[in-house]
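In what follows, a structure is listed as structure tokens, so that the remarks can point back to it.
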Amino acid sequence: MVLVKKSSGKWHICVDYTNLNKACPKDSYPLPSIDRLVDGAFGHALLNFLDAYSGYNQIMMRNMEVYVDDMVVKTTTSEGHAADLAEVFSQIRKHNMRLNPEKCVFGVQGGKFLGFMITSRGIEANPEKCKAIIQMQSPYIVKDVQRLAGRLVSLSHFIPRLAEKAGPIFTLLRKLKNFEWTDQCEEAFKSFKVFLTTPPIL
């Protein structure tokens, strides 16, 4: 168990449930595809981003996408915005759900959803994730390489042929005993930094 401080100053408890998950029966209701949810949120006149404390898995609605505690309410026309919100909040009250007001945003044309930025231009990479790689120093220990690999994978939708381009870096993760940050690794690392200054829009 690890305590991680949130940007709000509050604390978040993180627990490794790997062994517990292996011992539990398979989930009959697997999580929906993130790609499908993000694609489904694009192309609407107005969006509303909601964050639930609990009870999020009880609601299924035509104009709302839900993934764990993140929700986005989609409105095709600005005229129907109020009606769509009224329908959603009716269900929220029905199921006694509690929302986190600090993370709710209403009536916007874009925002962050499941790590992606949904804007009027399309689906964009989260600038915070790009910045984390751009400002990162060259790794010299295995943990730094693992951190870099995780950050790259989280942006895989926006980096064509990631496995090929990051080959020298990913190979290091299989050579933990003979770790060496090579010139090929450094070249690949620098190329990602340049690429992520202007990532493509999906």
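The values are calculated or read from the model by the stated rules, or taken from the named source; none is laboratory data. What you are looking at is a predicted structure, and each value in this text was computed from that prediction instead of being measured. Here the Cβ positions follow ideal geometry from the backbone for every residue, glycine too, while neighbour counts run over all protein chains shown.
For this structure, a couple of remarks:
- Within the range 108-133, being part of a loop (DSSP other than H, G, I, E, B), over 12 Å from LEU47 (Cβ atoms) and of a type outside the set (S, T, N, Q) holds for LEU114, GLY115, ARG121.
- Qualifying residue in the range 186-198 (condition: in contact with a strand residue (DSSP E or B) (Cβ under 9 Å, 6 or more places away or on another chain) and either more than 23 Å from ARG36 (Cβ to Cβ) or at pLDDT below 90 (or both)): yes
- Looking across the range 13-39 at every residue that is surrounded by 10 or more Cβ atoms within 10 Å (Cβ to Cβ) and modelled with pLDDT under 70, the one that is nearest to PHE106 (Cα to Cα) is identified as ILE34.
- Selection count where residues are touching a helix residue (DSSP H, G or I) at 6+ places or on another chain (Cβ under 9 Å) and more than 19 Å from VAL194 (Cβ to Cβ), scope the range 136-145: 2
- Test: residue in the range 77-87 that is in a loop (DSSP other than H, G, I, E, B) and modelled with pLDDT under 90: yes
- Any hit, the range 134-144, residues being surrounded by 14 or more Cβ atoms within 10 Å (Cβ to Cβ), assigned to a loop (DSSP other than H, G, I, E, B) and either modelled with pLDDT of 85 or more or among the hydroxyl-bearing types (Ser, Thr, Tyr) (or both): yes
- Residue in the range 40-50 that is within 19 Å of the chain's Cα centre (by Cα), farther than 24 Å from SER120 by Cβ and either modelled with pLDDT of 65 or more or not in a helix (DSSP H, G or I) (or both) present: no
- Taking residues in the range 111-135 that are in contact (Cβ under 8 Å) with a residue 40 or more places away in the chain, and partners anywhere that are among the basic types (Lys, Arg) and not in a helix (DSSP H, G or I), the pairs with Cβ atoms closer than 9 Å and at least 6 places apart or on different chains are ILE118/LYS112.
- Any hit, the range 165-178, residues being in contact with a Leu (Cβ under 7 Å, 6 or more places away or on another chain), over 30 Å from VAL88 (Cα atoms) and small (Gly, Ala, Ser): yes
- For beta carbons closer than 8 Å, sequence separation of 6+ or different chains, a first residue in the range 169-184 that is within 11 Å of GLN146 (Cα to Cα) and a second that is of a type outside the set (Asp, Glu) and assigned to a loop (DSSP other than H, G, I, E, B), the qualifying pairs are LEU172/PHE179; LEU172/TRP181.
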